[in-house]
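**Student:** Please find one structure pasted underneath; my questions will follow.
The values are calculated or read from the model by the stated rules, or taken from the named source; none is laboratory data. Since we're looking at a predicted model, the values are computed, not measured. Every residue, glycine among them, receives a Cβ derived from its backbone with ideal geometry; neighbour counts consider all protein chains shown. All accessible areas refer to the heavy atoms of the entire protein, side chains included, with ligands and DNA or RNA removed. Shrake-Rupley method; radii C 1.70, N 1.55, O 1.52, S 1.80 Å.
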Amino acid sequence: MAGADSPSAALRRHDLCARGIRLAGKMRSDVLDLLDTYVEQQGLDASASVAAVEGVPPAAVERWDEQTGTQRLLENLAAYRAFRSLLAQMLEEQQEQLGEADATLGRALAAVLLQVSAFAYHLEELLRLESRGPPSEEEDRPPPQPQGLFEQKLRGLGVLRELAQWAVRSARDLRQLAKPSPGASSSPSPAESP
Amino acid sequence: LGHPQNLKCVTHNLHKMICTWDVSPRRRHGQTDFCYTTNDLPTPVCFKTKEKRVEIPVPHSSSTVTITTNSISETKVFKIHKKDVLFIPVTPRILSLTPDFSTSTLNLKWSDNGSLFPDGLDAVWQIQILRKETMEKVTQVTYHSKLTHEDIILSWNWTSDMPLECTSHYVKIRCYINVTQFVGLKEWSDWSPVEVIPGKDTDPSESGVFPLDTVVAVGSDVTFCCVHEEGQNITNMSYGSKPYPMIQLSSRSHAIRVLNASASDTSGTNVVCRLNNGMMEGTVLFVGYAPDIPQNLSCETPNFQIIKCTWKPGRPSGLYGKRRTKYSLFERTSGKNVSCEVNEMNRERVCGFPVLPDQKTYDFILGVSNPIGQAESSLLVDITQRVHPKTPEKLTVSENNSTSIHLRWFINGSFAQIRLLCQIEISSGHSEQKIHNVSMPGGKFSAYTAHLNALRPYTKYQFRVRCSAAEQFWKWSDWSRVEEYTTSEA
């Protein structure tokens, strides 16, 4: 994070981290509920193994504890921006395939999409605190189009599963960021060269 | 020894015949003198040949053939009667075999070679469909046509009971021409060369479950196949949650057959092919109903701006989203077509059609379609006889004197073409409810007034109003809101 913080910035960051952790917790439980609805509604087998979904950043990370705070935030932001676009596509597909037949799933998807968007904004706030600001949004490359509906269903399953993992990881990352220890600080940005 | 024998003559076009013979035992190939003569030839026709095969005209009744093998100066005379000549039609040639993967249909086109034959002959075609790596015969169909002394391209469709992607489909054809006036022997032609539509199981880069995301009617039998990469094996194939016995089509393609499919859930029924590497391929089947003929189609206008048509949809199709049942309203006189926005989940069906300038009578066709089928209902209606005005609004009361008042209200709509009949309901605590009828010319988005007399002074009244078409009654509007008024003291 940004070298020695002023007390107010530290307080602000701690507050943002705390709220982010709560958001991640709520998001995770909602995603798990959504997963149950999705599996049942799409007639899938809950234990189905799904290949890595192209365009979905994996939550698992090697040497997690060696990451700097900025890396954590940047990776989190990239992931939730990707999820935002994937969930938006899922919502569109759901509307196209089911129309009004299953509003429940549509509403649940929209609710999680809202949370993901909110969480992405939250991460941008944290990055702004670092006075380096979040990276500009890349043009949302539309996720690759699955060949058929079954593949589309599996991809949705993969997206939601990964999102649930990310919610766990984000809470851990934010707890790490909230710690005042230097370990949480980022590599000095040019402006802050010691 | 060494003389020609087994002379056989075959014609493919009833004009020329190809005669062939044997020489026994087989001798070194020498020069042969071939002569033939018929009743209507003045002198024999002769020529030399090294082949044991010549083409000569088909005789009217018979030909005498003399074959001399020069090397051993052996001569043999044959008498060929027309009845001994064998007629075998030319082997048919498939011009094109075109697949339509979306409907699993093969379209076959071939020429009937009719120009070779006199007009009016009956031709019989046998078409054989084969499938799988082992080219098993699936079916053989007989097709009849009439020759017209011209080469006609014939076309024939066949729908497979399984997706064409599943495995290669092969087609061949042969024909028999019933030449009644030809006294010789008649046989089927040879089979044409086989034409093939390769399945996806012949393309190393292809895999998947077929048909992909299709829609069928409840009760259909459907064959699904799983095409997988070389070296992979299928552990099982399931429809919904139920595994099915597999039929091997080729080394890379296995099928299951689902009989009498029942209606699927909103998101369709998954057909899953599990592979030994743990991965899954799949497709989704949507099973629903064709739309019923819309019942009780009825159209009315609330305001001479729009015509509202309603109907009873019948059995739900069970199809949703982009596969849902779609409705359109077509008006024959004007040729105008309107597509209707209908929410599949709620039972009420409404569609709006604009009132057209200078048109009273509307000849409607309500078209209903979904991927399984379509239906329609029609209705001829004069909208001046189907006026169902909107609820009167802004009812106000003003007083002339203690026993007479003035009512004024507004109706949204343009009723200039008709007279309106309005009912004013008068209630007061003292006496029974009274209805006062008043008729007036319709206006265009205008207010209407009425005059009531013989009221009691210093009495509290409740008024409300409703209207309808005066001449051709159809429906009353709803009642307006109640307006209360107390007459002044006398």
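**Student:** Which one, A:ALA110, A:ALA60, A:ALA167, has the greatest fluctuation when you compute a Gaussian network model over chain A with C-alpha springs under 10 angstrom?
**Tutor:** Evaluated over chain A, the most mobile residue of the options is A:ALA60.
**Student:** Can you tell me the accessible area per residue over the stretch A:13-163, all protein chains present, probe 1.4 angstrom, in square angstrom?
**Tutor:** 47 Å²
**Student:** Separate question: In degrees from 0 to 90, rounded to the nearest 10, what is the angle of the helix A:149-178 Cα long axis to the longest principal axis of chain A?
**Tutor:** Result, in degrees: 20.
**Student:** May I ask for the angle, rounded to the nearest 10°, between helix A:69-98 and the longest principal axis of chain A, with both axes built from Cα atoms and the value confined to 0 to 90°?
**Tutor:** Computed tilt is about 20 degrees.
**Student:** I'd like the accessible area for B:SER439, computed on protein heavy atoms only with a 1.4 Å probe and all protein chains in place. Round to 10 Å², please.
**Tutor:** The value for B:SER439 is about 60 Å².
**Student:** Another one. Using protein chains only and a probe of 1.4 angstrom, how many square angstrom of A:GLU151 are accessible, to the nearest 10?
**Tutor:** 90 Å²
**Student:** Rounded, prolate or oblate: pick one for the protein assembly as shown, where a ≥ b ≥ c are the square roots of the eigenvalues of its C-alpha gyration tensor, a/c under 1.5 means rounded, and failing that, prolate if a/b is larger than b/c, else oblate.
**Tutor:** oblate
**Student:** Can I ask one more? Which one of A:ALA51, A:ALA178, A:ALA118 has the biggest mean-square fluctuation once chain A is modelled by GNM with Cα springs under 10 Å?
**Tutor:** A:ALA51
**Student:** May I pose another question? Projecting each Cα onto the charge dipole of the stretch B:129-210 (Lys/Arg +1, Asp/Glu -1 at the beta carbon, about the Cα centre), which of B:LEU164, B:TYR143, B:VAL183 comes out farthest on the positive side?
**Tutor:** The residue sitting farthest along the positive end of the dipole is B:VAL183.
**Student:** Accessible area of the stretch B:270-334 with a 1.4 Å probe: how many percent of it is carbon plus sulfur?
**Tutor:** 49 percent
**Student:** In Å², and per residue, what accessible area does chain B have when probed at 1.4 Å with the other protein chains present?
**Tutor:** For chain B, the per-residue accessible area is 49 Å².
**Student:** Using a probe radius of 1.4 Å on protein heavy atoms only, what is the accessible area buried between chains A and B, both sides summed, to the nearest 100 Å²?
**Tutor:** Roughly 1800 Å² of accessible surface disappears when A and B pair.
**Student:** Identify the GluC sites (Glu not before Pro) of the stretch B:381-490 meeting these criteria: DSSP loop state and at most 15 other C-beta atoms within 10 Å of the C-beta.
**Tutor:** Within the stretch B:381-490, the qualifying GluC sites (Glu not before Pro) (loop, at most 15 other Cβ atoms within 10 Å) are B:GLU432, B:GLU471, B:GLU489.
**Student:** Counting chymotrypsin sites (Phe, Trp or Tyr not before Pro) as exposed when in a DSSP loop with at most 11 other beta carbons within 10 Å, what is the longest stretch of chain B free of them?
**Tutor:** Counting at most 11 other Cβ atoms within 10 Å as exposed, the longest clean stretch of chain B is B:1-457.
**Student:** Against the longest principal axis of chain A, how steep is helix A:7-41, in degrees 0 to 90 to the nearest 10, with axes from Cα atoms?
**Tutor:** 10 degrees
**Student:** With a cut-off of at most 15 other beta carbons within 10 Å, and DSSP calling the residue loop, which trypsin sites (Lys or Arg not before Pro) in the stretch B:410-490 qualify? Please list them.
**Tutor:** Hits after loop and neighbour filter: B:LYS475, B:ARG481.
**Student:** Then there is this: Work out the mean other chain Cβ neighbour count within 10 Å for the residues of A:46-57 and drop it here as an integer.
**Tutor:** 1
**Student:** Less than 10 Å Cβ to Cβ from B:VAL350, Lys/Arg counted +1 and Asp/Glu -1: what total charge do the surrounding residues give?
**Tutor:** Residues near B:VAL350 contribute 0 overall.
**Student:** Give, as a single signed number, the net charge of other residues whose beta carbon lies under 12 Å from the beta carbon of A:GLN165, with Lys and Arg counted +1 and Asp and Glu -1.
**Tutor:** With Lys, Arg at +1 and Asp, Glu at -1, the net is +3.
**Student:** Give me the percent relative contact order of chain B, please, defined on Cα pairs under 8 angstrom at least 6 residues apart.
**Tutor:** Computed over chain B, the figure is 8 percent.
**Student:** By residue number, which cysteines of the protein assembly as shown lack any other Cys whose Cβ falls under 4.7 Å from their Cβ?
**Tutor:** So, A:CYS17, B:CYS175.
**Student:** Could you list which residues have their amide H under 5 Å from that of B:LEU420, counting only those 5 or more apart in sequence or on another chain, with H placed in the peptide plane?
**Tutor:** B:MET440, B:GLY442, B:ALA470
**Student:** Which whole number gives the average count of other chain Cβ atoms within 10 Å of the Cβ atoms across peptide B:257-267?
**Tutor:** 3
**Student:** Evaluate peptide A:35-45: per residue, the Cβ atoms of other protein chains within 10 Å of its Cβ; return the mean as an integer.
**Tutor:** Mean shielding by partner chains, rounded to a whole number: 3.
**Student:** Where does the charge balance sit around B:TYR143 when Lys and Arg score +1, Asp and Glu -1, over other residues with C-beta under 14 Å from its C-beta?
**Tutor:** Its environment carries a net charge of +2.
**Student:** Full extension from B:TYR143 to B:ASN412: what is 0.36 nm times the residue separation minus their Cα-Cα distance, to one decimal in nm?
**Tutor:** Length gained between B:TYR143 and B:ASN412: 90.3 nm.
**Student:** If you find the alpha carbon centre of the stretch B:157-212 and of the stretch B:447-490, how far apart are they in angstrom?
**Tutor:** Between the Cα centre of the stretch B:157-212 and that of the stretch B:447-490, the gap is 80 Å.
**Student:** For A:VAL168, B:VAL10, B:VAL258, write out the residues from largest to smallest accessible area, computed with a 1.4 angstrom probe and no ligands counted.
**Tutor:** Highest to lowest solvent-accessible surface, that is A:VAL168, B:VAL10, B:VAL258.
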